[in-house]
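Asker: Input: one structure, supplied below.
The values are calculated or read from the model by the stated rules, or taken from the named source; none is laboratory data. A quick note: this is a predicted structure, and the numbers were derived from the prediction, not measured. Here the Cβ is made from the backbone with ideal geometry for all residues, glycine too, and neighbour counts use every protein chain on show.
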């Protein structure tokens with residue numbers, strides 16, 4: 001089997017590859033990962049399972065907490081005399 005035809009077979013709608021889905025969603029900015037996964041699964045005929053929706057919600061919450069912690073740390077570092085050079 002030629003490389004091109006095997007690639008077409010692997011990516012055909014009839015043969016959905018979950019690993020390929022996750023890799024495709026991870027290639028870009030990580031903050032948009034839950035949104036891209038949700039969108040890709042909603043386009044799938046089987047839809048978005050409830051257990052994966054819960055994981056995506058948790059990822060969004062943790063991502064938001066990381067953003068807030070980074071902002072807080074940046075403010076603390078700017079106010080600390082030891083951090084200036």
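Asker: Could you count how many residues in the stretch 66-85 are part of a helix (DSSP H, G or I) and in contact with a helix residue (DSSP H, G or I) (Cβ under 9 Å, 6 or more places away or on another chain)? Outline the logic, then answer.
Answerer: Just the residues of the stretch 66-85 that are part of a helix (DSSP H, G or I), to begin with: 66-79, 81-83.
Cutting the leftovers down to in contact with a helix residue (DSSP H, G or I) (Cβ under 9 Å, 6 or more places away or on another chain) gives us 67, 76-77, 83.
So the answer is 4.
Asker: Taking the condition in a helix (DSSP H, G or I), modelled with pLDDT under 90, surrounded by 10 or more Cβ atoms within 10 Å (Cβ to Cβ) and touching a helix residue (DSSP H, G or I) at 6+ places or on another chain (Cβ under 7 Å), does residue 40 pass?
Answerer: The answer is yes for residue 40.
Asker: Can you tell me which residue within the stretch 18-37, out of those that are at pLDDT below 75 and touching a helix residue (DSSP H, G or I) at 6+ places or on another chain (Cβ under 6 Å), is farthest from residue 68 (Cα to Cα)?
Answerer: 21
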